[in-house]
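Where a number appears in this text, it was derived from the coordinates with a stated rule and is not lab data. Computed from a prediction, not measured in an experiment: that's the story for all the values here. As a convention, Cβ positions derive from the backbone with ideal geometry for all residues, glycine included, and neighbour counts pool all protein chains shown.
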Amino acid sequence: MLDLILVILGYLIGSISSAIVVCRVLRLGDPRQGGSGNPGATNVLRLAGKAPAAAVLVGDWLKGTVPVVLAWIVARDPLIAGAAGLAAFLGHLFPVFFRFQGGKGVATGMGVILGWSPLALLATALTWLAVAGASRYASLAALVAFAMAPLFVLWLSGSPALTAAAALLTVATVWRHRGNIARLAAGEESRINLSSS
């Protein structure tokens, strides 16, 4: 029962949309109604600038890490830590508090990986930065980084349970980015704009 509570708590924490909360507090409007329509840090960067986007990034990151850390402390089981992290990630994608209209999960997924293995997170984040820096496509960077994440988790944690959870995270990320994949193939995807204030 305690393990189930940890997983449910992970989903509920993941369901808190940092982008919507930050934009409401700053009276910036609903990020789902502008730009790409995605309630995530990249879209908030396009709509409102670097400072609000940074706040969203931190919030999304923490809601991925916190449930995993709680699972480690309470259950001390990689299987439960993996399930709690996946639940938080799915909460971000399908938040119960916001009519199941969530973001793409990149920052939250990074936060989850941090909870699973800090070294795997470092490798994943460096991959994202390298691809984003070279291409200026956040979506492409996310797809490449999360495709590599299960290998990093396996290599640096050695846990089959966490590796399986990371593989499911990758599948969900690719599925959630299917529209971006189509736009990338058509040459219509928006690039990261680093000139925002």
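Starting from the Cα of GLN33, step 7 Å along the direction of its Cβ; do the same at LEU119; then give the gap between the two resulting points in nm.
Result: 4.8 nm between the two label points.
At ALA134 and MET1, where each label point lies 7 Å from the Cα along Cα→Cβ, what is the point-to-point distance in nanometres?
5.3
Amide H neighbours of TYR137 under 5 Å, counting only residues 5+ apart in sequence or on other chains, H built in-plane at 1.01 Å?
Close amide H contacts, sequence-distant or interchain: ILE192.
With only Lys, Arg, Asp and Glu charged, each at its Cβ (+1 for the first two, -1 for the last two), find how big the charge dipole of the stretch 2-186 is about the Cα centre; round to the nearest 20 debye.
Charge dipole, the stretch 2-186, about its Cα centre: 640 debye, nearest 20.
Using modelled backbone amide H atoms (1.01 Å from N, in-plane), which distant-in-sequence or interchain residues come within less than 5 Å of ASP30's amide H?
Result for ASP30 returns nothing.
I need the calculated FRET efficiency for the pair ALA186 and PHE97, taking r as the beta carbon distance and R₀ as 35 Å, to the nearest 0.05.
0.55
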